[in-house]
Amino acid sequence: MEERDLSRPWFPAPFRVAVLESDETLADTLCGLLREKGLAPAAFYEIGSLVSAHGQKPFDAYVLDYLAAWQPESPALEALVASIRGADLNVPLFILGNQAHPETNEKLGNILMRFKVRYVLKPYRAVYLAREIAEAIAVRAGL
């Protein structure tokens, strides 16, 4: 059993958030706002690096850009979402997209309905999205 210094209080590690966003400026802005809320975000600019990181240790929440580094007909997004939901059905999961009516896109609509994912229309206000993510994590953690 690991011994810890009892003179210092114990604090849990911050909740980890994966942010996959094709626009590096938006990803970095959102990550900065999440850090201000006491979370530990990690920015990913292409899907392969996120898939690898998710395979090593799942995150406490995910924000996925529907347009980030995959072809429209690629099964990569659906496979990633299925993997996330397979590991934890209740993890907060947001998909960012530019379609006002995502249900009209058969592939995207299927992902949203089948996996119960929250959809956020681009352009979005990063401040509001950061607040939604933090609130979703707090609810899930019972805070």
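The values are calculated or read from the model by the stated rules, or taken from the named source; none is laboratory data. Since we're looking at a predicted model, the values are computed, not measured. FYI the Cβ positions are ideal-geometry reconstructions off the backbone, even for glycines, and counts take in every protein chain you see.
Summary table below
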{"read-out": "Count of segment 89-103 residues which are under 13 Å from the mean Cα position of the chain (by Cα) and either over 13 Å from residue 114 (Cβ atoms) or at pLDDT below 90 (or both)", "value": "5"}
{"read-out": "Segment 102-117, subset of a type outside the set (Val, Ile, Thr) and surrounded by 14 or more Cβ atoms within 10 Å (Cβ to Cβ), residue nearest to residue 66 (Cα to Cα)", "value": "108"}
{"read-out": "Output for segment 118-130, where each listed residue is among the hydrophobic types (A, V, I, L, M, F, W, C), part of a strand (DSSP E or B) and surrounded by 15 or more Cβ atoms within 10 Å (Cβ to Cβ)", "value": "120"}
{"read-out": "Out of 111, 84, 95, 133, sole residue that is touching a Leu at 6+ places or on another chain (Cβ under 8 Å), closer than 22 Å to residue 32 by Cβ, of a type in the set (Val, Ile, Thr) and in a helix (DSSP H, G or I)", "value": "133"}
{"read-out": "Subset of segment 27-40 (residues that are surrounded by 15 or more Cβ atoms within 10 Å (Cβ to Cβ) and either closer than 19 Å to residue 85 by Cα or among the basic types (Lys, Arg) (or both))", "value": "37"}
{"read-out": "Test: residue 59 is modelled with pLDDT under 90, in a loop (DSSP other than H, G, I, E, B) and out of contact with any His (no Cβ under 6 Å at 6 or more places or on another chain)", "value": "no"}
{"read-out": "Residues of segment 82-99 satisfying the condition of being more than 19 Å from residue 26 (Cβ to Cβ) and exposed (fewer than 12 other Cβ atoms within 10 Å of the Cβ)", "value": "86, 89, 90"}
{"read-out": "Residue 33 assigned to a helix (DSSP H, G or I), touching a residue at least 40 places away in the same chain (Cβ under 8 Å) and closer than 20 Å to residue 135 by Cβ", "value": "yes"}
